[in-house]
């Protein structure tokens with residue numbers, strides 16, 4: 001089975017990005033490296049942070065804003081739970097959410113799950129593309145959502161329709177240029193149907 005091992009964000013200022021993700025509590029989940037590759041608008045992905053209660057959502061959003069993030073969607077209640085969306089200083093979109101509507105303990109910067117949501121043109125086609133390269137499908141809901149079984153990574157990899165992901169995170173779906181994100185795995189270097197780049201993961 002092919003593994004998904006790592007995420008590398010390409011950023012203009014790695015030192016500043018390292019400081020942000022450390023303050024935000026994501027340093028164990030993402031790597032950064034320097035890049036000035038041209039990019040505009042929506043870069044086609046988002047990091048989804050799942051936590052256990054609303055107080056934790058607020059704690060993560062406060063930490064992100066204190067470290068220089070901006071608000072895309074303020075934290076609010078909805079029929080599915082509670083959550084909000086911020087944009088990191090390097091442009092990466094982060095969604096923080098919980099299915100719970102009430103706190104059961106003190107607020108804490110504790111993550112239950114981190115998922116990388118790839119906004120793709122055709123979920124079914126991208127699912128076949130990745131399955132053909134050895135990634136095992138964990139969950140699949142037709143053309144709406146696919147989640148891969150990624151036990152070797154601290155991050156879950158999932159596919160989402162690009163338009164739906166943009167709407168969910170509060171941005172326009174328009175975007176051009178580099179995604180400014182690179183994935184590490186053991187399937188060898190390749191580029192997927194939507195231009196996301198994979199490299200051979202370092203040992």
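No value in this document is a laboratory result; all are computed from the given coordinates. Computed from a predicted model, the values in this text were never measured in an experiment. Quick reminder, even Gly has a Cβ in these numbers, built from the backbone with ideal geometry, and neighbours come from all protein chains shown.
When the scattering of the chain is computed by the Debye formula from its Cα atoms alone, each counted once and equally, what is log10 I(q)/I(0) at q = 0.09, 0.18 Å⁻¹? Summing over Cα pairs of the chain leads to -0.32, -1.38. Angle of helix 14-24 to the longest C-alpha principal axis of the chain, folded into 0 to 90 degrees and rounded to 10: 50°. For an R0 of 25 angstrom, estimate the FRET efficiency from the Cβ-Cβ distance between residue 72 and residue 202 and round to the nearest 0.05. With a Förster radius of 25 Å, E is 0.15. Against the main long axis of the alpha-carbon atoms of the chain, helix 54-66 sits at an angle near 80°.
Each peptide in 128-137, 147-156 was scored by the mean count of other Cβ atoms within 10 Å over its residues; highest first, the order is 147-156, 128-137. For segment 131-171, the Kirkwood hydrodynamic radius from C-alpha pairs, put into Stokes-Einstein at 37 °C and a viscosity of 0.692 mPa s, yields a diffusion coefficient of 290 µm² per second. Short-range pairs are left out: with C-alpha atoms under 8 Å and at least six residues apart, the relative contact order of segment 1-126 is 28 percent. Note the angle between two axes, namely the Cα long axis of helix 123-132 and the longest principal axis of the Cα atoms of the chain, as a number of degrees from 0 to 90, rounded to the nearest 10. The two axes meet at around 60 degrees. The Stokes-Einstein estimate for segment 1-106, based on a Kirkwood radius over Cα pairs and taken at 25 °C with 0.890 mPa s viscosity, is a diffusion coefficient of 168 µm²/s.
Just to verify a number: FRET efficiency for residue 36 and residue 174, C-beta to C-beta distance, R0 = 22 Å, to 0.05? Efficiency computed from Cβ-Cβ geometry: 0.55. For segment 1-138, the antiparallel share of DSSP beta bridges with both residues in that region comes to about 70%. The alpha-carbon atoms of segment 1-48 define a convex hull whose volume equals 114 cubic angstrom per residue.
For segment 85-185, report the convex hull volume of the alpha-carbon atoms normalised per residue, in Å³, without decimals. Walk me through the numbers before you get to the answer.
Values: hull volume 14.5 nm³, N = 101.
Measuring per residue, one finds 144 Å³ for the Cα hull of segment 85-185.
Given the Cα-Cα distance of residue 191 and residue 101 and 0.36 nm per residue of separation, how much length would full extension add, in nm?
Working: separation 90, 0.36 × 90 = 32.40 nm, distance 3.97 nm.
Difference between extended and current length: 28.4 nm.
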